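I have placed the structure first, in the form of structure tokens, so that the comments after it can refer back to it.
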Amino acid sequence: MEVTDIRVILAPAISLLCAALVFLAGSNKHWRRFWMLSAATLKLGVVMSMLPGSLQGTVYTWGMIEFTPGIGLAFRADALGMFFAVVSSTLWVITTIYAIGYMTGDEHRVRFFGFFALCVSTTVGLAFAENLLTFFLFYEMLTICTYPLVIHDETPDALKAGRKYLTYTLIGGAFIMVGSVIVYDATGTLSLGHPGILSAELGTRTLLLIFVSLVGGFAVKAAVMPLHGWLPSAMVAPTPVSALLHAVAVVKAGAFGILRTVYNVFGVDLLEDIGFAVPLMWIAAFTILAASLVAIFQDNIKRRLAFSTISQLSYIVLGAALLTPFAATAAIVHIANQAFAKITMFFVAGAIQRTTGKTNVHELAGIGYRMPWTMGAFTVAALSFIGMPLFAGFITKWYLSLGALESGEYWVLAVMIASSLFNAAYFLPIVYLAFFKAPPGTQLRVAEARPTLLISTLVAAAYVIVLGTTAEVPGMPFSLAQAAVHFVFGM
Amino acid sequence: MLEALWNNVDYVASVVLFCIGLYIIIAKNNLIKKFLGLNIMETAVFSFIIALGVIDGGDAPIMGAGAHAPFSSPVPQALVLTGIVVAVSTTALALSLIIRIYRQCGTIEADELREME
Amino acid sequence: MKKAFVAALLILTAMPLLIGVAALPPHGDPDTPVHTHISARYLEEGREEAGADNIVTGVLLNYRGLDTAGEVTVIFTALMAGLAVLISHKKQPEGDAAYDAAEAAAEDAPVRAPVSPVVSFVVRLLAPFIALFAVYVIVNGHVTPGGGFQGGAILGALFIALTIVLGRERTRTLMPRLAQPWMQGAALLTFVGVGIVGGALTGYFLGFPADASLHLARKLMMLVLEAGIGLGGAAVFATLFLQMEAE
Amino acid sequence: MAAWPHWLPLVVLAPLLGAVFTPVVSLRSRHVAPWWALAVMSATSVAALFLVLRVASEGPFSYLPGGWQPPYGIELRFDEFSAVISVICLIGWLAVLYSLRYTEWLREVPKQRIPYYYALLLLNLGGMIGFVVTGDLFNLFVFLEILSLSAYALVAFSGEHIAEMAAFKYLLMGAISSLLVLFSVGIIFGITGSLNMADVATRIGQLDSAAPAALALAMLAIGFMVKAAVFPVHIWLPDAHAIAPSPISAVLSGLVVKVGIIGLIRVYQIYYAAGVLDLHTLNQVLVWLGAISIVMGAFFAIFQDDIKLMLAYSTISNVGYIVMGLGLSTNFSVIGGSVHVFNHALIKATLFLAAGALIYRTGYRTLTDLRGIGRSMPLTCIAISIGAISIVGIPPTAGFLCKWYIALGAFEADQPFFGFALIFGALFIFIYYIRMVNAFYFQAPVHPEILEVAEAPLSMLAPTLLLASLCLIMGILGRIPLAFIEPAAARLLAPLGG
């Protein structure tokens, strides 16, 4: 059932308005905080108010002006999009609180918060994009809006990282445009509202071109190896930005784009027939393992997290490439699972850096005595990544393994197990160092991070547990993912 | 081909003149000479257009006593009159520019000016 | 190297041109489109329709009046361009004084070389006749070869000769400061004026009444146009010359 | 009101007549000139508005000065492509307003020159308007000369000897190209006996020998390509556009270059309708030259430190888009190309006006010297950033949809290579704009005093911001001009058989 509803456009518009208000408020920090917090809450409310309807299969749409015959700026909140929107607007609230605490005293706060809000606006726009052109529009806006955030510190390093980031993502964007043009030329539509708009009649050559352009383009932001180079360099950004980039906006936009391509542009059946997904599967599996391996040897906390992100994102790609309902469920829910767990970790890294100034793993010995709550949150996230039951990550791995069995690709199980081991190998030492490797004479003297930092970290960690324990509870995001899968597979 | 060229030898002359002008523009170094080359090209085009309107044994297209058909076509003449005025205007502006360049740089040789830049 | 390049370019230009003109309709042949299409009508009916014995004038002022309006604008553009390029710094006292170009230029004009008395005498002697001839060419443009441009050019040449002989201070009085811009723009002004009058009479801008009863009005309009073009052209030539000479 | 027939001659003559009166009104005080020019442009804009409204509602229409039926008289023909006069009026109006402070500031320029500057600007705008509304080949040439002559002089206006050299170079190239146009007008008259475009089109179709028609076509195409600064005949452009006063750069880059494009469109209109020649070769040449222009323009721009020189090179790139769109000659690409004529005018005017404001306030014109200016002139720098994003074609700004349409056309024409060239060429362009944005916002100033500079004065800021916001609005409402041009493009391509 499709309903025309203004809330679809209201959600991105709120963030956009918020960005404008932040810029207008200038250096007045009270108004700025007020606008940021109220917009984040309001938007979460708007998105959440669509959730019940969405769970019952209602699709909210809103069409606007036309760009090219048949294609316009149009929004459509289906289950998959709603899932992404719920995750990103929840995280916006948490990250805003964290960022307010983190950025206190920083020089360019107005710019930071303004573009921060813009990024979130574009992310929701992306989630609700009705067609590939609208999607592309928000995708490119996202690239531009994150640039000032990446180079926030204005150091030569930051500028270099920013240049690298733009080079990668804009070239990726160009590929997406090429892909979209070919799709439009071939089919006359760009709609993302169907389970597949292409057909096998187009010929393998065209289909391959479309697949490579679209998936290759999105894979840049999803940091699939070997297109991941920008992500570790982008770590120079302030921590809330890293959290936003690596957990919510940019990388997830790429992963979400791959999901859209696989499920809504090609369609599962067509992809199964032409078999393009198999190489993608291999590449994703390779990325999972290789990035984990690299992560083990990183001493800088944020770099280690970055490589972990690269590895984790390929779970989504792998899930999409397996083309079975269980794997698809895994891919979709992993958007949320990875987001909350990784944002927790980044929050922890940022809190440690702001409180103690430490940025490397080997300096963390005994930090658990000083910041027990923070490190507790870190432990929760680490366990989630390793795949312990009761934590969010388990759900992904479980469904992914089921999907692998379903499709007969048994080697994926081996990848799962190896990946869990690697995850343990690079996260547990941190936990171990923090709690059990205290230098002699360390005493339990709690000096936690600022409340804003701590609270948001704990909330994010709590979400990790909630997501892990409530998978079967109706009304939770998980059921949205299932609704999306039902639509895609025509079940 | 050659016969056609011979029949249209008036046009061929214009083409030759056109190429001479072009050669001067490219090969000469002095700005005024370059500009004279342009004037030669203009003349070539004007003579071409005038030649279009000519009719064998034709009279000037002025009616009245003593006029006898056939008449040459009046349109090319009107066009060329306009064209000449345009050419004069271009010349005036080009000379103004050359005067200023000479005032400021003391030379109007293209290569010396290029070195000064 | 450069020579080879130039030669190649010239050949590349000449070849297509020659091939093209060889395929043109034969020169001088009365049956070519040039003579059979619009020219034919101009020659047959132009005298009555356009109201000028000289068909060229008829085409210029009547059939293709807008072209000629554009043409006088081109001369005016050249004048504006010349002034904008030529007026130079030193001669301008700071402030907002009248900016009259020629006047300012006169202040430190180069010392004039002495003019030979023979030249001086001949120019003075011929000046009234040249002026008379110019006026004849202008007002008779619609029946004989000639017209506003030609007459204007003669007037301008006269002005230049007089300036050389008599000096700019004397000839400048021919163009008083306040009238100067009006004279320079005279051509387009008359065109628009006549065009509007024609518009009022015929309903088309730049239209000339074809009705026999308005025959005189049409003659008058043409005369005014020719005079405007002549005056404007002469003023433009004169101003440009004064300005260039001042440099 | 829109049906009043005389708007068409009025819109051409108003600026020209205004120019004639400019020296008259400045007799008493030269400060009257800019206000007079502003008033004239306002009147012209009103006329232009009515004309555009009329063409939108009833399609192309004609006006016959003197009442002579074509081909015997001159025909003024207003079609959808002529609607470019709306941009001419808008940018012209804003350029006059902008010049108010800018010309007074040019130290090299004697103050008495200034009224002539406004006269020339009005002549230039009037010439362009005449050029795009005329339906007669020779009339086209006359207006081409009005606008070219005034453009040469405006380039030289700033009075430095480099400016005069640039103007002379421009004049030489421009005069040759005008001559080529005149030559081919002569040839066309020789083979058809007519000068009216529509009449010429039908009569060329009935010819036996195609050689002269082909020659005329080639010369017209080369002539207009020089005016449009397509590679390799672009060499006059960078100097001329960089050295001219900034409002003039905006007019030259935004509008005068586009006149060449409109000329090309007129040529296509004649030759497609005539149908004697297979235009495939010309199209391929145009497409290739367009692609090379995109890449070469971007390539040269990367190495420029002078901000205006950089913008000038980027004009070559963007003309490459348009020419490629025309050459691909599919429905989509022609629509995209012709709408880019409008959009690029807005974008490039924004950029040049903003760059001019920076130079006006700081006196510096290289990116290195201008580092950190984003802090002291935030609004101007926002405008320039919006312009930069638009010109790269990142959605939702004005440049995007045109790029989309042209790329679509490339795939439609089954020449995907050019689609790639277009899309990836745009990235190339981005490299230098990102350098600019970095310098303005994210790099430490070389000259500390740059942080003390005040924001541009209102007469310069307002035009810049207005144009910048139009870049955004045209991006979001981009469908409107595209839909507006659609019938014209369809008519243009109709002789090809759909």
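Summary of values
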quantity	calculated
The range D:209-248: proportion of alpha-carbon pairs further apart than 15 angstrom, %	54 percent
Cross-link table A:Lys160/D:Lys308; B:Lys34/D:Lys348; D:Lys169/D:Lys308, entries beyond 21 Å C-alpha to C-alpha	A:Lys160/D:Lys308; B:Lys34/D:Lys348
0 to 90° range, to nearest 10: angle between helix D:161-192 axis and chain D longest Cα axis	10 degrees
Per DSSP, loop chymotrypsin sites (Phe, Trp or Tyr not before Pro) in the range B:1-98 with at most 12 further Cβ within 10 Å	none
Pair A:Ile65, D:Arg491: separation of 7 Å Cα→Cβ label points (nm)	2.5 nm
Sites A:Trp282 and A:Leu402 - FRET efficiency at Förster radius 22 Å, r taken between beta-carbons, to 0.05	0.65
At least 27 Å along the helix axis (C-alpha) and Kyte average at least -0.5, DSSP helices within chain C	C:2-22, C:65-86, C:117-139, C:215-246
Under-5 Å amide H pairs with D:Ala244, H placed in peptide plane, nonlocal only	none
³J(HN,Hα) computed for each position of the range A:18-34 - Karplus, 6.51 cos²θ - 1.76 cosθ + 1.60, integer Hz, glycine/proline x	4, 4, 4, 5, 5, 5, 5, 5, x, 8, 6, 6, 5, 4, 4, 4, 4
Over chain A - Rg/Rh using Cα atoms and the Kirkwood inverse-distance radius	0.95
D:Trp288 versus D:Leu53: modelled label distance in nm, points set 7 Å from Cα along the beta carbon direction	4.9 nm
Sequence-distant residues sharing a close amide H with A:Met64 (under 5 Å, placed H)	A:Leu73, A:Ala74, A:Phe75
B:Glu112 paired with B:Ala65, simple spin-label distance in nm, labels 7 Å along Cα-to-beta-carbon	6.1 nm
Among D:Val32, D:Gly18, D:Gly393 - extreme Cα towards positive end, dipole of chain D, charges at beta-carbon	D:Val32
Bins of 10 Å, starting at 0 and running to the largest distance - Cα pair percent for the range A:276-486	9, 35, 33, 17, 6, 1
Rounded D (µm²/s) - chain B, Kirkwood Rh over Cα pairs, Stokes-Einstein at 25 °C, 0.890 mPa s	147 µm²/s
Computed [θ] at 222 nm, helices only, for chain D once each DSSP H run of length n ≥ 4 contributes -39500 (n - 2.57)	-24500 deg cm²/dmol
Protection-proxy order for peptides C:159-170, A:138-149, each taking the mean of Cβ atoms within 10 Å per residue, highest first	A:138-149, C:159-170
Volume per residue that the Cα convex hull of the protein assembly as shown spans, once the total is divided by residue count, Å³	184 Å³
Label zone at C:Val143 (point 7 Å along Cα-to-Cβ), backbone N below 18 Å, the range C:186-222	C:215-222
Reach of C:Lys219 by Cα under 18 Å, taken over lysines that are not fewer than 8 positions away in the same chain	none
FRET efficiency, 1/(1 + (r/R0)^6) with R0 56 Å, evaluated for C:Ser213 and A:Asp273 via beta carbons	0.05
At R0 = 60 Å, FRET efficiency that the Cβ-Cβ distance of A:Ser199 and D:Ile235 yields, to 0.05	0.75
Long-range amide H partners of A:Ala129 with built H, under 5 Å	A:Arg76
Radius ratio Rg over Rh of the range A:451-491, counting only Cα atoms, Kirkwood formula for Rh	1.22
Across A:Lys252/A:Lys302; A:Lys29/A:Lys342; A:Lys221/A:Lys358; A:Lys221/A:Lys302; A:Lys252/D:Lys403; A:Lys29/A:Lys358, pairs whose alpha-carbon gap is larger than 20 Å	A:Lys29/A:Lys342; A:Lys221/A:Lys358; A:Lys252/D:Lys403; A:Lys29/A:Lys358
Tilt relative to chain A, helix A:411-436 - C-alpha long axis, 0 to 90 degrees, to 10	20 degrees
Size of electric dipole in the protein assembly as shown: Cβ of Lys, Arg +1 and of Asp, Glu -1, about Cα centre, debye, nearest 20	3980 debye
D (Stokes-Einstein, µm²/s), Kirkwood Cα radius, the range D:278-498, 1.002 mPa s at 20 °C	121 µm²/s
0 to 90° range, to nearest 10: angle between helix D:85-105 axis and chain D longest Cα axis	30 degrees
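None of the figures in this text is laboratory data; all of them are computed from the coordinates on show. Given the structure is predicted, the values throughout are model-derived calculations rather than measurements. In this analysis, Cβ positions are derived from the backbone assuming ideal geometry, glycine residues included, and neighbour counts consider all displayed protein chains.
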